Structures are given as structure tokens and as C-alpha cells.
Amino acid sequence: MSVLADRDLEFISGIRQIATEVAAAHADEVDRDARFPAEAVQALRAARALSAYVPEELGGGGVSLEAIARACSELGRRCSSTAMVFAMHQIQVGTIVRHLDGAPWFESYLRELAADQRLIASVTSEIGTGGDMSRSIAGVTTGEDGKLGFEKQAPTVSYGAHADDLLTTVRRSEGAEPSDQVLVLSRASDTELEPMGTWDTIGMRGTCSPGFVVRARFSRDQILAAPFSTMMSESLVPLSHVLWSFVWLGIATEAFDRGRSFVRQAMRKSPGKPVPAAHSLSRVMSELSMLRAEVESALQEFLAAEPDRERLGTVAAVLRFNNLKLAASEQAPRVCMGVLEVIGIAAYKNDSQFGVGRQLRDALSARLMVANERIHTIDAGLLALAKEL
Amino acid sequence: MSDALIEDIRGVLRDHARLPVDVEAISVDADLFAAGMSSHASVNVMLALEDTFDIEFPDRMLKRSVFDTISGIAAAIDELQAQAA
């Protein structure tokens, strides 16, 4: 277990306050109306949380990844959508911070992000790729004025309409192979988002993630120069799986806490009498412990690889962080389902203080954001190659 | 690395990398992923290389940077064969 710096602890406590005072207050409405959690994101901006992972010398908070992960879980307990928006933004920021390699444009961009608390959305999904992020169809084009551009058909763009900037995967050029990709940071002001479909889902409703045809214009400086595969294996994929999992852990923890409140109330009403729900809650606790153990150990392994990030590109590491995603995405809903059975009908009611419907619905998104079946297909091949797991 | 080794590697790539271009046209230092090898195909390439050369790539070698060029693959195989010899 690493030791968090005072700055990290202060950051987490600030996020916890935003989670309980702002995100929680609007969570039901955000869910019901499928609207962006604007109040919570505004509070995160006011706390300068959007630049938490930006190094201090570039105007950011210089907060550790461990603290960011714990913040995802704190937010996840109160409002899954806020937590997922926060997590995804940190994944984009993290990828830029870790791979900008001293590029002046990106350094100055991060200063601007810190000053204005800009929110970054990502455009990674694409119609026609079957969910495979390591291939792109849309490619970078060069206009007559020399400006670069792309047009990408993206089936889901989380909070795209609410972002200040977009980080998009595209082919290096229209003639390049689908696997020859780059990451482009385009400003919303230079990007047209033509809506394609709606976002009326069973959960994660406040992430507002409909599809868009994305048309952007940008300069060559706005392309991250690092090899795409390095960014994928050292940041985008493992960081996504770690931060998402902390969001899911937060959701499951909240459901469990509701179960605990319910059981506590029942036991207080009739002290000494057996409460069957208490027994089943104890079973759910072991499910939650397994989720926590998987998520925590993966975080520690990710942090342990920091001095030698190339390690994250080995087959063993890819399998490790893929398994985190698979395990956590299946375990979090299992905990919510368990709590549903502990509490019974009061958990099934939307207007009950013991309701866990929102948590259950939100947690179900986990297995679909990068479909688990796709990850199993990747792992199946890698398992044949890996020598030690 | 010998020419024969390079030719054998090209043979594996021809059968398993599913490249949209002729393998002969790819220089030993060209990025195979940029040339169109998918992540999925690269796994098949690694497995076929293990079978063809009767070797096992240790986990430390199982990363994209080892397999992104023909010369990288050849260096890895050379190293393993030297160890075995």
C-alpha cells in the first residue's frame, strides 16, 4: 500500500465533500431526466479537480493517480454518472500528461486546461470497427487551407455535447492502415457534433452518451506524437480499466451501505431476534470484498509499474488489466443484486431510502463499455502466449 | 541475423499477419502495425513463430515493441536460439 501525500488526502476529502453535498443531491434527478450532472461537474471545476493530475509546473494539482482512483470511487458512491464523467476525463488528461513528451502545444494546452478547467471527452468508438479500439476507419485529411481534419461516425460519445475539447482516435491519414492510429485533441469550438441517435438507457443516464458524426479541424501540433500502441498499452487501456473499476467499486459500495442501513434498522427494532437479512448481508460482504481486493490489487500493480511503464505492454500485464475489467464489471452488479435480495421490495422501489435500482442499473453498463465478450476474445489469444500469469 | 531467418519470419508473416501488402515489400525496420497488422493477427504471428522456430517467447519479450518490426522479431529469435545453443 502506498502512502498518500497530504496533498492527495486533501484532494480526496474535497472530492468526498463534493460527492456527498453536490453529486448526491442531484443524482436521482440526473438519472431520471438523463441529464448531464452539471452541478457536480461545476463543483469539480471550482475545486480545480479537472486539472488534478496535471503536473504542478503546468498549473495543475500534481495529485497522484492513486488519489484520482479513490476520488472516482467516492464520486461513484453518490452519482455514477458524475463519477464516470470524472474518470473518463482523467483518463484523457492522464494519457496526455503521460505521453506529451515535452510537446510545446500540449504543454500550453494543459496550462490552459488547468486555468479554465476544461473538460475533455473521448471519441474512441466508431461504427464499422465492431468495438475494436485498435482499428480506425476515419482518417486525418488535409484541407485546401492546409488545416487538418477528420470526420468520424461515433456510436457513443460520453458527454460529448458538454465537453470543451475532444480526444479522438483516427487513422494517421486516409491512406493509412486501420491499425496505424493517432490521437488528436480538437477543441469543441473547432469541432462539429452532428447528433446521431439518443441516450435513453437503463443506466449511466447522466453521462449523456449518444452517437455523433464528429467533424473536427485542427493543426498538426494537436496530434500526440507518441506511438499509438504505446499510449494504448501504457495508459489508455490500463488507466481506463483501473479508473472505471474504482467507479464501479463506489457504486457497489453504496448499494452495500444501503443494505447495511436496512439491516441495522431491522436489528435495532427487535434487538436479539434473528434477522435473516443480516445473514445474507454477510454473504454479500464477501462478494464486495472480492471486488475490492481485485480493484485495489490492480491499482497497486499499476502504480508498481510506474518506474518501468513498458512492463504494462507485456502480455501478462495486458491480461492482468483486462481481467480487472472483466472481474470488476461482473462483480459490481453481483453485489448490487445481492443487496436487492437482502433488502427485498424496499430496494426495488425507486422512491425508497433503501432503493438500489439506480446502482444496479448503472453497474450493468460496466460489462458493455468495451464489451466483455470482446475482451474475452483478445484474452483467449493472449492466454496461449503468456508463460506466467 | 541471417537472411534465412529473415526469410522464415517473412514466411510466418505471409501466412498469419494478414497484411494488405506483399510481405517482401516491407523492409526489416518498417512498423508492421503501421503496415496493417492488427493486434489480433499479431497474436497469431507470435504463436506461429513459436511453432516454426520451436521456441517460447518469455513474458518479457511478449510486447508490441518486440514484434513491431521484422528486425525486432529476428533479434528476439536470435537471442532465444543463442540461449538454447
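Quick note: the coordinates plus some simple rules give every number you see, no bench work behind them. Quantities reported herein were computed from a predicted structural model and do not represent experimental measurements. Glycine also receives a Cβ, built like all others from the backbone with ideal geometry; neighbour counts cover every protein chain displayed.
Assorted remarks:
- Theoretical FRET efficiency, 1/(1+(r/R0)^6), r = Cβ-Cβ of B:Asp51 and A:Ala380, R0 22 Å, to 0.05: 0.80
- For the pair A:Asp116 and A:Ala161, a Förster radius of 22 Å applied to the C-beta separation gives a FRET efficiency near 0.75, rounded to the nearest 0.05.
- Cα centroid separation, segment A:268-304 to segment A:219-234 (Å): 40
- Net charge over other residues, Cβ less than 15 angstrom from the Cβ of A:Gly143 (K, R count +1; D, E count -1): -2
- Members of A:Lys273/A:Lys325; A:Lys269/A:Lys349; A:Lys147/A:Lys325; A:Lys325/B:Lys63 lying beyond 29 Å, as alpha-carbon distances in this model show: A:Lys273/A:Lys325; A:Lys147/A:Lys325
- Whole-Hz Karplus values for segment A:317-322 come out as 6, 4, 4, 4, 7, 5 Hz, taken residue by residue from phi with 6.51 cos²θ - 1.76 cosθ + 1.60 and θ = phi - 60°; glycine and proline positions read x.
- When the charge dipole of segment A:277-389 is built from unit charges on Cβ atoms (+1 for Lys and Arg, -1 for Asp and Glu) and taken about the Cα centre, the candidate among A:Ala347, A:Val335, A:Asn323 whose Cα reaches farthest toward its positive end is A:Ala347.
- Computed FRET value (nearest 0.05) for A:Asn323 with A:Glu10, which takes r as the C-beta separation and R₀ as 30 Å: 0.35
- Charge tally for A:Cys79 (other residues, Cβ to Cβ under 15 Å; Lys, Arg +1; Asp, Glu -1): -1.
- Segment A:118-163: translational diffusion in µm²/s, Stokes-Einstein, Kirkwood Rh over Cα pairs, 37 °C, 0.692 mPa s: 272
- Considering only A:Ala69, A:Ala332, A:Ala225, the mean-square fluctuation computed in a Gaussian network model of chain A, springs between alpha carbons under 10 angstrom, is largest for A:Ala225.
- A simple count of charges around A:Ala69, restricted to other residues whose Cβ falls under 12 Å of its Cβ and scoring Lys, Arg +1 and Asp, Glu -1, yields -3.
- Phi-derived couplings, Karplus 6.51 cos²θ - 1.76 cosθ + 1.60 at θ = phi - 60°, listed residue by residue for segment A:353-363: 5, 9, x, 10, x, 4, 4, 5, 5, 5, 5 Hz, with x used for Gly and Pro.
- For segment A:236-244, Karplus couplings with θ = phi - 60° (6.51, -1.76, 1.60), whole Hz, Gly/Pro x: 3, 6, x, 5, 4, 5, 5, 5, 4
- When you filter the trypsin sites (Lys or Arg not before Pro) in segment A:346-378 for DSSP loop state and at most 15 other Cβ atoms inside 10 Å of their Cβ, you are left with A:Lys349.
- Point-to-point label distance, A:Glu192-A:Ala46, nm (Cα→Cβ direction, 7 Å offset): 3.7
- Of A:Trp199, A:Trp244, A:Trp105, the one that fluctuates the most in a GNM where chain A has Cα springs shorter than 10 Å: A:Trp105
- Amide H to amide H distances under 5 Å link A:Thr141 with A:Gly149, A:Phe150, where only residues 5 or more positions off or on other chains count and H is placed in the peptide plane.
- Distance cut-off 41 Å, percentage of C-alpha pairs in chain A lying past it: 12
- Each of A:Phe246, A:Phe262 was scored by other Cβ atoms within 10 Å of its Cβ. Arranged with the fewest first, they read A:Phe262, A:Phe246.
- Across chain A, the longest piece that holds none of the GluC sites (Glu not before Pro) lying in DSSP loops with up to 13 other C-beta atoms within 10 Å covers A:175-387.
- Over every Cα atom in chain B, the radius of gyration and the widest Cα-Cα span, Dmax, amount to 11.7, 36 Å.
- For the pair A:Thr142 and A:Lys387, label points projected 7 Å from Cα toward Cβ lie 4.5 nm apart.
- Separation in nanometres of the label points that stand 7 Å from Cα toward Cβ, at A:Leu368 and A:Ser282: 3.7
- Per-residue extension of 0.36 nm, minus the Cα-Cα distance of A:Ser108 and A:Ala25, leaves a gain of 26.3 nm for this segment.
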